[in-house]
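Everything below concerns the one structure shown next.
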Amino acid sequence: MAIEGLLAIGAGIAIGVAALGSGIGQGKAAAAAIGATAEDTKNFGRSIALAALVETQAIYGLVIALLLILYGAGVIAI
Amino acid sequence: MLFPTEMEKINVAFLSEDRGKVVEKLQEQGIVEVKEISGKQEFLSSVSIDTDYLSSLFLRSEKIYKDFSGVMKKHGLLETLLGNRFEKNVSLKKDEMEDVVKNAEKVVKHMEGKTERVGKQIEENKKDSEEVKGIIRLAENLKFFDFDLRLLSSLKKTFALAGKLKLNGIPDLKKDLANFRIYLHSQEFKNEENALIVLGLKPEEGEIRKILLKYGFEFFEVEGLKGKPDKILKEGKEELEWLNKKRDYLLKKRKEFIEEWWEEIERTYVVVRAYRDRLKSLQMFQETKYVSVLEGWMPKKYKWKIQEALDDVTSGRVFFTFEETEDAPTDLENPGLSEKFEVITGGFGLPKYKDADPTIFLAFLFPVFFGFMLSDVLYGSLIILLSFSMRFYFRNRLAGVFSHILLLCGISAIFWGFLFGNFLGNFLGLRGLWFSPTQNPIMLIIISLVFGLVHVNMGIVLSIVQKIRSKKSTIPEISWFLVEAGGLLIIFRIFGMVAEVLFYAGMLVFFAGVVMKISKPMRMIGLISFFGNILSYVRLAAISLATSYIALTVNHISSIFVSGSFILSGFIFTVGHLFNCTISSVGAFINSLRLHYVEFFSRFFEGEGKEFRPLKYEGLEVK
């Protein structure tokens, strides 16, 4: 298999697994955040912040995926 | 602007006979928050109405007002999010207010009586309807039996049971009941269930019931029913129809009554609330027989205004002292459109009185981040259209605030859209003024990280300013700069952009910063999260790219169908772009919010300030 194909698979796995984990985490955090906001609307800001905190892992996955794709396209050298 | 409004603690001494006039004046001015003074409380109200009585009157009028609001105001999704469409204050002359309070008891009593009567009738109607619905359900289950249900009434020596059972249980049940002297009649009706009638002898009833329960027999309460099921069903439906008509009539009558009295109850509620607030403040005064003292908070800039007003009302028999303290409540004060963003700052919490207010930065960078993530000229125009529609449809404060925020966000999206050449993706085929994100994603990521670096450092600078103001150590913040400066020099050297000597200087500065950081374990954690925070700004590029790619995909799919069916192609194009605009806008809004709340605020913002709540007329305009 050509290296480009392997890189594409790698990029897919990187973002796919990161997004899956992040999604599961965010689902739980968002459920708790909604509960907290329903109890008291003053919790809205902090709830958003905490629920969105988990997203960062997906961003890391995206960065890796982009680096792999750009490496494959010859834009960057590692 | 950078800090909340400067406040002062105010102490006012005046003659006790003037207290009614003083508190009324304070409420009229709406610039002083009265604070509790512990100690003896003894007061007379300016309207000679007892406080407990007024509080109870307020609660009663509030209950009616809320009940009426449910009928008078719309409660759709938009109203839930943005409040009532039309929000206007009750307008009254000063001398009319006292009349409203004096009449309040009469008005509230009248409405209580009327609403209670109608409410009771509606409740009874609901109860009757439920009962009739139960009978209809029962009759429907038994409609296959063509006999008078009175026959199922238990007699002295026999009993009768009716109910339903799953079809597959019947043969086994029959076997189990074979030794009893019973009459069993079953009729299949729906979902593989059988309606069942069991007649038997009284002494065996207990045993038979146990066996039936074992098979999951569901009993019907038929006691008291007269006539054939068909007839009961017909009569039940007729009665239900009549009850529904009666309910509609009662609701209509109630609505008419509420519409007739709405203005009266709204006026009564708002005025009674104003008097209650006034009396609550009055209770906080320290009083002796001849002299009263009040303590409170007020913005420093209104000092002369309050002095003039109270001098006037007491004919100069008043004494003031002012004091600056650190435990004052927070009143945010931002110029022009940035004021609208206070609601976003408030969503996280209010800064403490001495802490920095980040609203002014938020007002600039929130739309910038939003626009960067949406970055499409046409999508931005749609956001502006939404902003104007919101302003046109809703006439309340909250909707006004959000329409301004959306307006700025829309303008920013148009700005970035021109730079990146996005007009519904690549639909118009125009080139951007700067570069195309889909062709140069690395550039987009670099810009995002620069935004991150600037934004996080702004937070650190605010933290330093805040700490200098409160005379605390700024070493943790300064060490960030050392780490960053050293790190940048090292990176520049790697790319051959600076001389070797600067690399060593960079190493020195970097490690000095790291040593300052790791001198305490908690700071070490901060060092790791610092880089995580900056990397988090890559989301700006990620969402911007996602918006562009989805737009490209929509254009591509619709172009495939354009030769076959122009209507289908147009449909895919319209729905696709509306969908992309909606989800990308929501994503851009939430992520912009998050970058401020998590990455920016976490550097300096504690959000534990208490809101400045001056004594004023709420929802009331006194002429």
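The values are calculated or read from the model by the stated rules, or taken from the named source; none is laboratory data. Everything quoted here is computed from the prediction, not taken from an experiment. We place every Cβ from the backbone using ideal geometry, glycine too, and count neighbours over all the protein chains shown.
Details
- Qualifying positions in the range B:438-449 - farther than 21 Å from B:Ser559 by Cβ and outside any helix (DSSP H, G or I): B:Asn440
- Count of the range B:595-607 residues which are hydrophobic (A, V, I, L, M, F, W, C) and outside any helix (DSSP H, G or I): 2
- Against the numbered list (1) in contact with a Cys (Cβ under 9 Å, 6 or more places away or on another chain); (2) polar (S, T, N, Q); (3) part of a loop (DSSP other than H, G, I, E, B), B:Ser592 comes up short only at (3).
- Evaluated against (1) over 25 Å from B:Met1 (Cβ atoms); (2) of a type in the set (A, V, I, L, M, F, W, C); (3) within 14 Å of chain A (Cβ to nearest Cβ), B:Leu398 falls short on exactly one condition, (1).
- Only one of A:Gly5, A:Gly61, A:Gly45, A:Gly74 that is over 15 Å from the mean Cα position of the chain (by Cα) and surrounded by 19 or more Cβ atoms within 10 Å (Cβ to Cβ): A:Gly45
- Of the numbered criteria (1) more than 11 Å from every other protein chain (Cβ to nearest Cβ); (2) among the aromatic types (Phe, Trp, Tyr); (3) touching a residue at least 40 places away in the same chain (Cβ under 8 Å), the one B:Phe600 fails is (1).
- Within the range B:236-271, tally of residues that are surrounded by 12 or more Cβ atoms within 10 Å (Cβ to Cβ), acidic (Asp, Glu) and more than 35 Å from the chain's Cα centre (by Cα): 1
- Residue pairs meeting the criteria (Cβ under 8 Å; at least 6 apart or on separate chains; first more than 13 Å from chain A (Cβ to nearest Cβ), in the range B:340-357; second basic (Lys, Arg) and surrounded by fewer than 20 Cβ atoms within 10 Å (Cβ to Cβ)): B:Lys354/B:Arg469
- Filtered residue count, the range B:455-481, keeping only those that are buried (at least 19 other Cβ atoms within 10 Å of the Cβ) and modelled with pLDDT under 85: 4
- Taking residues in the range B:612-623 that are β-branched (Val, Ile, Thr), and partners anywhere that are surrounded by 12 or more Cβ atoms within 10 Å (Cβ to Cβ), the pairs with Cβ atoms closer than 7 Å and at least 6 places apart or on different chains are B:Val622/B:Glu28; B:Val622/B:Leu92; B:Val622/B:Met97.
- Pairs linking a residue in the range A:24-41 that is of a type in the set (Ser, Thr, Tyr) to a residue that is in a helix (DSSP H, G or I), with Cβ atoms under 6 Å and 6 or more positions apart or on different chains, are A:Thr37/A:Asn43; A:Thr37/A:Phe44; A:Thr37/A:Ser47.
- If you go through the range B:568-623 and keep only what is modelled with pLDDT under 90, under 30 Å from B:Ile31 (Cβ atoms) and charged (D, E, K, R), you end up with B:Glu606, B:Glu608, B:Glu618, B:Glu621, B:Lys623.
- Only one entry of B:Leu365, B:Leu406, B:Leu424 meets the criterion of being out of contact with any strand residue (DSSP E or B) (no Cβ under 8 Å at 6 or more places or on another chain), farther than 20 Å from B:Asn580 by Cβ and more than 14 Å from every other protein chain (Cβ to nearest Cβ), and that entry is B:Leu365.
- Residue-level analysis places B:Phe589 outside the set of residues that are under 30 Å from A:Lys42 (Cα atoms), touching a residue at least 12 places away in the same chain (Cβ under 8 Å) and more than 11 Å from chain A (Cβ to nearest Cβ).
- B:Phe579 falls short on exactly one of the conditions (1) surrounded by 19 or more Cβ atoms within 10 Å (Cβ to Cβ); (2) among the aromatic types (Phe, Trp, Tyr); (3) under 37 Å from the mean Cα position of the chain (by Cα), and that condition is (1).
- Condition met for A:Gly25 (at pLDDT below 90, away from chain B (no Cβ under 13 Å) and either under 22 Å from B:Gly347 (Cβ atoms) or in a helix (DSSP H, G or I) (or both)): no
- Qualifying residue in the range B:608-616 (condition: acidic (Asp, Glu), within 13 Å of chain A (Cβ to nearest Cβ) and either in contact with a Lys or Arg (Cβ under 8 Å, 6 or more places away or on another chain) or part of a helix (DSSP H, G or I) (or both)): yes
- The single condition from (1) without any contact (Cβ under 8 Å) to a residue 60 or more places away in the chain; (2) in a helix (DSSP H, G or I) that B:Ile136 fails is (1).
- Test result for A:Gly35, more than 13 Å from chain B (Cβ to nearest Cβ) and in a helix (DSSP H, G or I): yes
- Evaluated against (1) of a type in the set (Lys, Arg); (2) within 15 Å of B:Leu142 (Cα to Cα); (3) modelled with pLDDT under 90, B:Lys234 falls short on exactly one condition, (3).
- Output for the range B:400-436, where each listed residue is crowded, with 21+ Cβ neighbours inside 10 Å and at pLDDT below 90: B:Gly425
- Qualifying residue in the range B:594-605 (condition: among the hydrophobic types (A, V, I, L, M, F, W, C) and in contact with a strand residue (DSSP E or B) (Cβ under 8 Å, 6 or more places away or on another chain)): no
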